[in-house]
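The values are calculated or read from the model by the stated rules, or taken from the named source; none is laboratory data. The structure presented is a predicted model; accordingly, all values stated were derived computationally and were not measured. Positions of Cβ are generated from backbone atoms using ideal geometry, with glycine treated the same way; all protein chains shown enter the neighbour counts. These accessible areas exclude ligands, DNA and RNA; they are computed on the full protein's heavy atoms, side chains included. Shrake-Rupley method; radii C 1.70, N 1.55, O 1.52, S 1.80 Å.
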Amino acid sequence: MNECIITGNLGGDPEIRYSSEGNPIATFSLAFSSGKDKTGWVKVVCFSRVAEVAEKYLHKGAKILLAAILDQNKWETQDGQQRSTIQLIANRIEFIKTDGRGFDQREPGEEPPF
């Protein structure tokens, strides 16, 4: 089983783009505590409905709980060096503290996204 549960604060507003099929993809950096007086950073990628929620409700500084899978990308540079990076692929976002952005934009009767 590959599931990570992590809490942290967004380092910036989510960036949104769309796949060739028109599906939303959101990315953002998440700061988390990695020990006494240490902060770690990880890239988070969201797809489809989770990306729509991230775009509409998240913002720089928002504190969230994230359920995700750990993903590693590997590639080779033009000069033949091996590189890799770790990222989280989000499948659930829970709001701990936000500034309320997006919540006043719901349609009448529309349930919150969580």
1.4 Å probe accessible area per residue over region 1-64, in Å²: 59 Å²
Label-to-label distance, nm, for residues given as Q78 and E3 (7 Å Cα→Cβ offset): 4.3 nm
Neighbour net charge for L65 - beta-carbon separation under 9 angstrom, K R +1, D E -1: +1
Structure-derived Kirkwood radius over Cα pairs in Å - corresponding label in (1) 15.2; (2) 14.7; (3) 15.9: (1)
Sites I69 and D37 - FRET efficiency at Förster radius 22 Å, r taken between beta-carbons, to 0.05: 0.15
The chain: angle of helix 48-57 to the longest principal axis, Cα-based, in degrees nearest 10: 60 degrees
Relative contact order of the chain, defined on C-alpha pairs under 8 angstrom at six or more residues apart (%): 26 percent
Pairwise label distance in nanometres, D13 with R92, each label 7 Å out on the Cα-Cβ vector: 2.9 nm
